[in-house]
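K.L.:
Structure below; questions to follow.
The values are calculated or read from the model by the stated rules, or taken from the named source; none is laboratory data. None of the values given here were measured: they were computed from a predicted structure. Glycine gets a Cβ as well: all are built from the backbone with ideal geometry, and neighbour counts include every protein chain shown.
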Amino acid sequence: MLLSPAGQFLSLEELRSLVRPSDETQRAVRTWLENHGVRSCDRIVTGDFLQCQADARTAERLLPGAQFVRYVNGDRSVIRSSSPYSLDPDVASHIDFVGGLHRFPQTRRSLRRTRRAKEVTAEFHLGVTPSVLRQRYNLSASDIGTHPNNSQACAQFLEQYFHPADLSEFMSIFGRGFEHRWEVDHVIGPQGGGGAGLEASLDVEYIMSTGANISTWVFSNAGRHESQEPFLDWMLLLSNMSSVPWVHTISYGDDEDSLSVAFMQRINVEFMKAAARGLTVLFASGDDGAGCRQVSKDRNVFRPSFPASSPYVTTVGGTSFKNPFQVTHEVTDYISGGGFSNVFAMPDYQVRYMDVLDSPSCGPL
């Protein structure tokens, strides 16, 4: 039971006392691992996750039936098992999910890039630069971060990285008229040496120009979970750090039905842990409306985006100016994601709102 008054959040040690597994669970998992020769494991600070390394042969003993093979496609290779596996009954009830065994990386298509290229040639509008955003939301030159305790962060995935030189040039062009920082204060994780990624660059440049002069961190997450963003790895980083930024904003997401329910539920636990510590986690609602671009003509089920569909994060949609040539009123952007989760229950306040919309006084939707 939480006895802290409202607004007083938990320290990492206090959180540990809430989520620490039972002695029975710890014994069962330790015995299972050690019986198969896995003894080198790191426990995260909150105690509810072990990070261990093992070779493929050991993994096959841990998961009877699995047969791991290296699959090669061009210059890429992955290790996967196409065989069914089982889990020791003595440990099965103590494990949240098993993942990363079967799914192969998707062949990336250029649908989004093609669509946006068409939009650029067909439309013209006022660019949404930092100065436009600050004007729209009435931010003056004095509306910047001044308190030393202010902090913010974004995360980058899918082998995308921001480039410090690009950030510096962006600020020199668009950072006039308000005080700002020129560099990211902390980069947690590997920073790739290749070219800068569009999404990663956008996130860093705009969080540092709208949240100007605020200490900014970047969490860089290498690798993938079943060809998708390793959101759980990122959240475990936060669970292992006693001092982290207060606000985290993420523009990445996956189709909800492309992830296992068990995997999403485990990430939700990490979101709840973050909230108990007083962290604000913001996710973009997506780029393809409630339906997503993959919905075909013969399908009528919307496909929301996760983690935006999680009940334990704050989801932010997109808007555009009603008049594309003036800083005026905003309307919902036609590509902004949305929709209700097909996995998680609708919050009570949304249920009440939908009941109002469905009432005769509102007319047909």
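K.L.:
Would you mind stating whether SER320 is modelled with pLDDT under 80 and assigned by TED's automatic domain parsing to the domain that holds LEU259? Please lay out each step first, then the result.
P.N.:
Details: modelled with pLDDT under 80: no; assigned by TED's automatic domain parsing to the domain that holds LEU259: yes.
Spelling it out, it is not the case that SER320 is modelled with pLDDT under 80 and assigned by TED's automatic domain parsing to the domain that holds LEU259.
K.L.:
Taking ALA28, is it surrounded by 13 or more Cβ atoms within 10 Å (Cβ to Cβ), without any contact (Cβ under 8 Å) to a residue 60 or more places away in the chain, of a type in the set (Gly, Ala, Ser) and not assigned by TED's automatic domain parsing to the domain that holds ALA276?
P.N.:
Details: surrounded by 13 or more Cβ atoms within 10 Å (Cβ to Cβ): yes; without any contact (Cβ under 8 Å) to a residue 60 or more places away in the chain: no; of a type in the set (Gly, Ala, Ser): yes; not assigned by TED's automatic domain parsing to the domain that holds ALA276: yes.
Answer is no for this residue.
K.L.:
If you don't mind, there's one more thing I want to ask. Out of all the residues in the range 215-228, is one or more part of a loop (DSSP other than H, G, I, E, B) and either of a type in the set (Val, Ile, Thr) or more than 19 Å from the chain's Cα centre (by Cα) (or both)?
P.N.:
Here is the first cut: in the range 215-228, the ones part of a loop (DSSP other than H, G, I, E, B) are 221-224, 226-227.
Cutting the leftovers down to either of a type in the set (Val, Ile, Thr) or more than 19 Å from the chain's Cα centre (by Cα) (or both) gives us none.
Taking every residue of the range 215-228 in turn, none turns out to be part of a loop (DSSP other than H, G, I, E, B) and either of a type in the set (Val, Ile, Thr) or more than 19 Å from the chain's Cα centre (by Cα) (or both).
K.L.:
Only residues that are in contact with a helix residue (DSSP H, G or I) (Cβ under 9 Å, 6 or more places away or on another chain) and surrounded by fewer than 18 Cβ atoms within 10 Å (Cβ to Cβ): list them for the range 49-60, please.
P.N.:
If we filter the range 49-60 for residues that are in contact with a helix residue (DSSP H, G or I) (Cβ under 9 Å, 6 or more places away or on another chain), which is where we start, we get 49-52, 54.
LEU50, GLN51, CYS52, ALA54 - these are the residues of the range 49-60 that are in contact with a helix residue (DSSP H, G or I) (Cβ under 9 Å, 6 or more places away or on another chain) and surrounded by fewer than 18 Cβ atoms within 10 Å (Cβ to Cβ).
K.L.:
What pairs come up if the first residue lies in the range 146-157 and is under 14 Å from TYR206 (Cβ atoms), the second is buried (at least 24 other Cβ atoms within 10 Å of the Cβ) and among the basic types (Lys, Arg), and their beta carbons are under 9 Å apart, counting only those six or more places apart or on different chains?
P.N.:
Between residues of the range 146-157 that are under 14 Å from TYR206 (Cβ atoms) and residues that are buried (at least 24 other Cβ atoms within 10 Å of the Cβ) and among the basic types (Lys, Arg), there is no close pair.
K.L.:
Would you mind finding the one in SER86, SER77, SER17 that is in a helix (DSSP H, G or I) and of a type in the set (Ser, Thr, Tyr)? First the steps, then the outcome.
P.N.:
On the way: SER86 fails: in a helix (DSSP H, G or I); SER77 fails: in a helix (DSSP H, G or I).
After applying the criteria, what remains is SER17.
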